[in-house]
Amino acid sequence: MSTLTTSRPRAGRLRTRGHVHARRLPAWVAIPAAVGVLLLVLPFIALLVRLDWAGVPEAISSPEALQALGLSLSTAAVSTVLCLLLGVPLALVIARSNGWLPAVLRTLATLPLVLPPLVGGIALLSLLGRTGLFGEVLAVAGIQIPFTTAAVVIAQTFVALPFLVISVEGALRAVGTGHELVAAGLGASRFTVFRRVTLPLAAPGLLAGTVLCFARALGEFGATALFAGNAPGATRTMPLAIYTAFNGAGVREDTAIALSLMLIVVAIAVLLLMRSWRTDAAR
Amino acid sequence: MSLKVDIRTRVGSFALEAALTAHSGEVLAVLGPNGSGKSTLLGTIAGLFPAHEGHIKLTGRVLEGPGAGGNRRVWLPPERRRVALLGQRAMLLPHLSARENVAFGPRAQGVPRTLARERAMSWLDEVGMGEYAQRRPAQLSGGQQQRVALARALAAEPDALLLDEPFTSLDTQTAAQARRLIAEQRDRAGVPMILVTHDPMDAVVLAARTLVLREGHVEQQGTTAEVLGHPRSQFVAAMAGVNLVAGVAEADGTLRCADGLRWVGRGEHVPTGEAATCVFAPGSVRIHPAAGPSEASAANSWSGVVAVMDPVPGGIRLFTAEYPRLAIECPSTTALALGIRPGVELAFSIDVDDISVRCSR
């Protein structure tokens with residue numbers, strides 16, 4: 001958490017110190033660390049090398065690709081807002097209550113993180129599908145959720161929520177309740193304390209959580225594929241479009257790679273945006 | 001205005017029972033070691049934990065206690081108590097400037113922005129921080145932060161101010177400034193203040209009255225002079241940093257202790273055969289090189305082998321193996337001149353005028 005909240009100049013100082021510190025580590029540590037870096041970086045290099053750059057403009061400007069990108073960005077944005085609305089209060093409850101409740105809630109909140117997203121998709125179908133637990137009720141009300149854009153949003157919210165809850169809860173607990181108690185002593189109502197003390201103090205964690213949450217929603221595939229399907233324009237988000245392009249009949253793999261490049265660019269843009277915000281906040 | 005507290009409460013497995021009153025324009029010092037219940041006491045007054053029995057009244061308002069008509073207890077939440085807390089750490093809001101921190105209380109209570117800022121500025125001037133109004137807490141030193149925190153507490157116009165070891169994290173010089181500031185505001189702001197501390201000097205400098213807490217109960221309370229000058233137990237004497245010896249008056253006017261030492265002092269006349277106590281400061285003990293083997297028969301003198309040496313501001317405090325309860329303090333120059341170190345035998349004496357005698361009942 002601390003690395004997420006440090007400002008740029010401080011990070012620089014830590015880097016120098018880290019360098020000195022690294023000399024005291026056993027030398028062999030460098031080998032697995034280097035292999036780790038290679039594992040992270042090499043696939044992307046390979047992707048760039050294999051890319052048919054001439055075909056990129058055509059691949060990413062096709063109506064299908066733009067449609068998928070638009071759908072991905074809009075559903076991920078809606079999911080992120082939903083995660084904020086549900087996740088921040090949940091994080092508050094976990095961070096500020098005592099006894100067994102926070103432990104149980106934290107476990108539940110992290111469940112989607114450790115489960116394969118496919119399992120999440122099946123679980124969502126079992127709840128909201130036509131033959132699911134709420135299926136009949138929904139059918140009577142004339143509401144169909146699976147295989148609609150709403151299903152995409154629900155699936156993304158389901159898998160992304162843990163990222164927000166964990167980040168915000170960690171930030172809230174790191175900040176503690178001292179400032180809140182002082183503020184209450186100055187006559188601030190609970191809502192004023194929340195708005196003017198709790199939220200600003202947890203802002204770095206909130207920001208980091210929001211970005212992670214958005215990125216996770218953007219990349220969501222498994223639960224979406226099962227629960228929302230792969231209908232162009234309605235549920236075919238970027239990951240599904242990439243999968244379709246990769247496996248689809250008559251479509252070249254290059255299209256899938258070009259689309260992947262697009263998703264990588266979006267992800268990097270989001271990370272850079274967060275970095276600049278963080279530097280502003282530190283000032 | 002006055003703050004009246006009479007509570008019996010329990011937080012976790014810790015039980016606290018305390019009755020005290022702090023008047024406006026007065027500091028009541030609460031002395032006690034860690035775990036004596038100081039923080040529980042302040043937390044209960046501030047409304048962080050409920051008291052199970054008893055009441056807390058602040059200038060006619062019941063913060064907590066039996067309800068007027070029904071059997072439900074009254075319990076005001078912290079934000080409605082008008083009790084401000086100044087702790088060990090300044091706890092300024094890091095995302096707000098010094099001025100906005102001080103304006104926080106007035107703003108939270110509905111004062112318009114401009115007026116709240118004006119009020120904040122005048123409080124910052126009051127604590128000598130006017131020129132730092134635009135600084136963020138991270139750009140201020142610990143002492144400056146604590147001054148802003150005091151301004152913030154007072155700007156909220158509380159009916160009582162709770163000070164929880166506010167000088168502990170400051171260096172000596174800054175702490176002295178902060179004490180002066182508190183003394184000024186004690187006289188000017190005219191609200192009851194409770195100062196929790198483990199340093200008897202805080203009580204001496206600031207508080208007219210002192211209360212000593214021990215394991216959740218009040219061990220002794222009274223005027224600071226009385227409590228620190230005449231502790232009624234070894235525990236309070238240790239808190240006050242003085243030596244307390246108890247004995248029985250002999251026919252020759254000396255007080256004989258169980259350990260064989262005899263004492264003569266000033267103060268109350270003690271009838272022969274009655275129990276009495278003597279109090280003296282560790283610093284008023286004179287130290288001499290050991291003259292010879294066992295001549296400890298004279299009153300107000302004894303000898304012993306140095307067993308423990310602790311640093312204290314300006315010098316050292318030592319205890320002998322023979323009389324481990326008697327603390328002796330001397331300037332570091334004296335310690336060096338006499339070659340004081342563990343294992344050295346020394347003779348000690350004290351002036352009759354430096355011992356205060358009091359009957360035990």
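Rule-based calculations on the coordinates, nothing more; no lab input. The structure displayed is predicted, hence computed values, not measured ones. Backbone-built Cβ (ideal geometry, glycine too); neighbour counts: all protein chains shown.
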Per the list (1) within 24 Å of B:Arg81 (Cβ to Cβ); (2) surrounded by fewer than 22 Cβ atoms within 10 Å (Cβ to Cβ), residue check on B:Pro192 breaks on (2)
Here is a check on your reading of the model: is B:Ile56 among the hydrophobic types (A, V, I, L, M, F, W, C), part of a helix (DSSP H, G or I) and buried (at least 23 other Cβ atoms within 10 Å of the Cβ)? no
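Return a yes/no flag: does the range A:188-210 have any residue that is within 14 Å of chain B (Cβ to nearest Cβ), outside any helix (DSSP H, G or I), crowded, with 24+ Cβ neighbours inside 10 Å and on the phi > 0 side of the Ramachandran plot. Please lay out each step first, then the result.
Of all residues in the range A:188-210, those within 14 Å of chain B (Cβ to nearest Cβ) come to A:188-207.
From what's left, outside any helix (DSSP H, G or I): A:188-189.
Still in the list and also crowded, with 24+ Cβ neighbours inside 10 Å: A:188.
Adding the requirement that they be on the phi > 0 side of the Ramachandran plot leaves none.
Looking for residues that are within 14 Å of chain B (Cβ to nearest Cβ), outside any helix (DSSP H, G or I), crowded, with 24+ Cβ neighbours inside 10 Å and on the phi > 0 side of the Ramachandran plot, one finds none in the range A:188-210, hence no.
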Picked from the range B:330-355 (must be touching a Ser or Thr at 6+ places or on another chain (Cβ under 9 Å) and assigned to a strand (DSSP E or B)), the residue nearest to B:Trp263 (Cα to Cα) is B:Ser349
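Which members of the range A:155-187 meet the condition of being within 14 Å of chain B (Cβ to nearest Cβ) and in contact (Cβ under 8 Å) with a residue 12 or more places away in the chain?
A:Ala171, A:Ala174, A:Val175, A:Thr177, A:His179, A:Glu180, A:Ala183, listed by residue number.
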**Request:** Consider A:Phe158 carefully, then state whether it is touching a Lys or Arg at 6+ places or on another chain (Cβ under 8 Å) and part of a helix (DSSP H, G or I).
**Result:** no
Residue hits (the range B:323-361; over 30 Å from B:Pro271 (Cβ atoms) and of a type in the set (Asp, Glu)) are B:Glu329, B:Glu345
If you go through A:Val197, A:Val153, A:Val168, the only one that is out of contact with any Gly (no Cβ under 8 Å at 6 or more places or on another chain), closer than 30 Å to A:Gly70 by Cβ and among the β-branched types (Val, Ile, Thr) is A:Val153
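Conditions (1) more than 14 Å from chain A (Cβ to nearest Cβ); (2) more than 19 Å from B:Lys38 (Cβ to Cβ); (3) in a loop (DSSP other than H, G, I, E, B), marked per residue:
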| residue | (1), (2), (3) |
| --- | --- |
| B:Ala151 | no, yes, no |
| B:Leu154 | no, yes, no |
| B:Leu162 | no, no, no |
| B:Thr168 | yes, no, yes |
| B:Thr174 | yes, yes, no |
| B:Gln177 | yes, yes, no |
| B:Ala183 | yes, yes, no |
| B:Asp187 | yes, yes, no |
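Consider B:Val102 carefully, then state whether it is within 14 Å of another protein chain (Cβ to nearest Cβ), assigned to a loop (DSSP other than H, G, I, E, B), β-branched (Val, Ile, Thr) and farther than 24 Å from B:Ser39 by Cβ. Working first, answer last.
Numbers: within 14 Å of another protein chain (Cβ to nearest Cβ): yes; assigned to a loop (DSSP other than H, G, I, E, B): no; β-branched (Val, Ile, Thr): yes; farther than 24 Å from B:Ser39 by Cβ: yes.
Criteria not met by B:Val102.
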Those residues of the range B:24-53 that are closer than 26 Å to B:Arg179 by Cα, not basic (Lys, Arg) and not in a loop (DSSP other than H, G, I, E, B) come to a total of 13
Within the range B:29-71, restricting to residues that are closer than 20 Å to B:Glu157 by Cβ and touching a residue at least 60 places away in the same chain (Cβ under 8 Å), the one that is nearest to the other protein chains (Cβ to nearest Cβ) is B:Ala46
Filtering the range B:72-98 for residues that are in contact with an Asp or Glu (Cβ under 6 Å, 6 or more places away or on another chain) and within 12 Å of another protein chain (Cβ to nearest Cβ) leaves a count of 3
- Task: Return yes or no: is A:Ala59 more than 24 Å from the chain's Cα centre (by Cα) and in contact (Cβ under 8 Å) with a residue 12 or more places away in the chain?
- Result: yes
